[in-house]
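Scroll down for the structure; my scribbles are underneath it.
The values are calculated or read from the model by the stated rules, or taken from the named source; none is laboratory data. As the structure is a computational prediction, the values presented were derived from the model and not from experiment. Glycine also receives a Cβ, built like all others from the backbone with ideal geometry; neighbour counts cover every protein chain displayed. These accessible areas exclude ligands, DNA and RNA; they are computed on the full protein's heavy atoms, side chains included. Shrake-Rupley method; radii C 1.70, N 1.55, O 1.52, S 1.80 Å.
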Amino acid sequence: MRLNAASLFAIPALIWGSTFYVIKFQLGSVEPGWSVSYRFILAGLMLLSYARIKGLNLKFRVRQHGWMLLQGSFLFGLNYWLAYTAEEVLISALVAVAFSSIIFMNILFGKLFLGKPINRKVFIGAIMGVLGTVLLFQRQLGAIETDDFPVFHLVVCFLSVLIASFGNITSARNQANGLPVIQTNAFGMIYGGIIMALIASFSGLTPSFDTSASYLLSLLYLAVFGSIFAFSTYLTLVGQIGADRAAYVLVVLPVIAVTLSILFEGYDLGWQVVAGILLIIGGNIIVLKK
């Protein structure tokens, strides 16, 4: 069944809005690198099995696998490893809001690597987004003198967004060159998971696994919904309307994530946070409005 643009927008927005909170259940007993590896190898194998059952083409040239590997490294490996690491300290709502800034990176990199034009309203929206982000992280930034860890994790968080944007642009390039979303995601997720396992191993992180219900259920949710369904619909949208406009999906994530943080993490909304969210959303709307 072919989904329309509205469905391609709604599915990843609703799912990813919840995954920033669900990721919290993956942290603690298992190193982030291994959790990311488990998630995407599991998702990739499930998606590959689906492709085989459906009789989809699974034969690709070495060069095409190279582009799948690049997409997997950016989108299904490194960026999530950094995001998980950031969430060890940062509240999930703030990580979700930070990820909404990917829209500006997608526009910039779309110009640099895909030759897409940039117009003046992009700069207005970008300024609003930067100001909004500063307001959102005001409390963390205010703790710089007494605690260096929030600063480190803020940098890690935005580095994760940067790498994710490279993954978006790579996906747009792959689809433009005829690589199908399902198969590319399947191989990319497996490649990304393997790369994370190698990085974790060479970093001296001993493999571990948590058999608790909370870890297993959150892993399954992230693999099936947060990886297979969300990425398949989102990257299809990227192929249809471009990485810059598709990133508008992430505009609604802060609203969902903040709501979950208020309900389950005791997050206290101040005027700075509300103003920051409004500025970021307003900036994104200005950037993408026709």
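Looking only at region 84-109, count how many residues are in a helix (DSSP H, G or I) and open to solvent by 10 Å² or more (accessible area, probe 1.4 Å).
The qualifying residues number 7.
Evaluate the following for LEU8: is it assigned to a helix (DSSP H, G or I) and open to solvent by less than 70 Å² (accessible area, probe 1.4 Å)?
Yes: the conditions hold for LEU8.
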Of (1) under 23 Å from VAL36 (Cβ atoms); (2) in a helix (DSSP H, G or I); (3) not basic (Lys, Arg), ASP210 fails just (2)
Out of curiosity, is ALA200 open to solvent by less than 10 Å² (accessible area, probe 1.4 Å) and either among the hydroxyl-bearing types (Ser, Thr, Tyr) or modelled with pLDDT under 95 (or both)? yes
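In region 115-125, what residues are in contact with a helix residue (DSSP H, G or I) (Cβ under 8 Å, 6 or more places away or on another chain) and surrounded by fewer than 21 Cβ atoms within 10 Å (Cβ to Cβ)?
If the condition is that a residue be in contact with a helix residue (DSSP H, G or I) (Cβ under 8 Å, 6 or more places away or on another chain) and surrounded by fewer than 21 Cβ atoms within 10 Å (Cβ to Cβ), then LYS116, PRO117, ILE118, LYS121, VAL122, ILE124 are the ones that fit.
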Filtering region 174-228 for residues that are more than 26 Å from LYS24 (Cβ to Cβ) and of a type in the set (Gly, Ala, Ser) leaves a count of 3
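From LEU47, LEU112, which residue is of a type outside the set (Val, Ile, Thr), open to solvent by 10 Å² or more (accessible area, probe 1.4 Å) and either within 24 Å of ALA213 (Cβ to Cβ) or modelled with pLDDT of 85 or more (or both)?
LEU112
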The residue that is nearest to GLY226 (Cα to Cα), considering only those in region 61-83 that are open to solvent by 20 Å² or more (accessible area, probe 1.4 Å) and touching a Pro at 6+ places or on another chain (Cβ under 9 Å), is TYR80
